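Quick notes on the structure that follows.
The values are calculated or read from the model by the stated rules, or taken from the named source; none is laboratory data. Source: prediction; values computed, not measured. For neighbour counting, all protein chains shown are included, and Cβ atoms are generated from backbone atoms with ideal geometry for every residue, glycine included.
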Amino acid sequence: MRLQPLLLTVDRISASVGKLFAWLIVVLTGAICYEVFARYLFRAPTAWAFDVSYMLYGTLFMCAGAYTLSRGGHVRADFLYRLMPPRRQAALDLALYLLFFFPAMLALVRYGWDFFIQSYWQNERSAFSPEGPIIWPLKFVIPAVGVLMLLQGAAEAARCAICLGRGQWPPKLSDVEEMEALAVKRAAMLRAEGDAQP
């Protein structure tokens, strides 16, 4: 299938961005720990801790979206979905992508860009601390993430179309697996081993 390498490339891009920005959790943890020590041990709270925490967390949260989508990790009510055959799953997913996902992501890009440009021209600064760090560079994350989500969403919609035609889902990159899926596999393996013994 000629489309499969392109779909896996999109998965790799989403994974690379998600894993790169995941390191912000280390920076965020360090900043918060420093603030706690400074506040309670040295009685010298920082003026920047609140700004740093919401900026880093917001960036981390946004930049993990496409990676999470590529791995099927977003929250969904899938108790009925799991029981459906693959073609019905693909039809449902494709309809939801077309009706809700793509319009929402296009709006995120369009209005996120306006939000960033307005912030840039005003040289917007945070109003929550005396230092008032600039925040317009972080607002660029909004439209950038919208583009990444559109790219990954297009790959997922293509997978839905492939599944509708072939009746099975095309392979995806994976690097994590839900504990529930691991438990089901282990139970099946133990059951098979028990059935094989005389």
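Mind telling me which of the residues Leu80, Leu94, Leu99, Leu151 ends up being under 17 Å from the mean Cα position of the chain (by Cα) and either of a type outside the set (Asp, Glu) or more than 21 Å from Leu3 (Cβ to Cβ) (or both)?
Numbers: Leu80 fails: under 17 Å from the mean Cα position of the chain (by Cα); Leu94 fails: under 17 Å from the mean Cα position of the chain (by Cα); Leu99 fails: under 17 Å from the mean Cα position of the chain (by Cα).
Checking each option against the conditions leaves just Leu151.
What pairs come out if I take residues in region 131-145 that are on the phi < 0 side of the Ramachandran plot and pair them with residues that are acidic (Asp, Glu) whose C-beta lies under 9 Å away, six or more apart or interchain?
So the pair list comes out as Glu131/Asp51; Pro133/Asp51; Ile134/Glu124; Ile135/Asp51; Ile135/Glu124; Trp136/Glu124; Lys139/Glu124; Pro143/Asp114.
Check whether at least one residue in region 100-109 is under 22 Å from Ala31 (Cβ atoms) and of a type outside the set (A, V, I, L, M, F, W, C), and report yes or no. Spell out the reasoning first.
From region 100-109, those under 22 Å from Ala31 (Cβ atoms) are none; that's our starting set.
No, region 100-109 contains no residue that is under 22 Å from Ala31 (Cβ atoms) and of a type outside the set (A, V, I, L, M, F, W, C).
Given the criterion of a type in the set (A, V, I, L, M, F, W, C), under 21 Å from Ser53 (Cα atoms), buried (at least 16 other Cβ atoms within 10 Å of the Cβ) and in contact (Cβ under 8 Å) with a residue 12 or more places away in the chain, identify the matching residue among Phe101, Phe116. It would help to see each step written out before you state the result.
Values: Phe101 fails: under 21 Å from Ser53 (Cα atoms).
Only one candidate passes the filter, namely Phe116.
Restricting the search to region 135-157, which residues are of a type outside the set (D, E, K, R) and in contact with a Ser or Thr (Cβ under 8 Å, 6 or more places away or on another chain)?
Looking only at region 135-157, we keep the residues that are of a type outside the set (D, E, K, R), and these are 135-138, 140-155, 157.
Residues satisfying the conditions are Ile135, Trp136, Leu138, Val141, Leu148, Leu151, Gln152, Ala155.
Only one residue in Pro103, Pro170 is farther than 17 Å from Thr59 by Cα, at pLDDT below 95 and out of contact with any Ser or Thr (no Cβ under 6 Å at 6 or more places or on another chain). Which one?
Details: Pro103 fails: at pLDDT below 95.
Criteria check complete, one pass: Pro170.
Name every residue in region 125-152 that is part of a loop (DSSP other than H, G, I, E, B) and farther than 30 Å from Lys172 by Cα, in order of residue number.
Ser126, Ala127, Phe128, Ser129, Pro130, Glu131, Gly132, Pro133, Ile135
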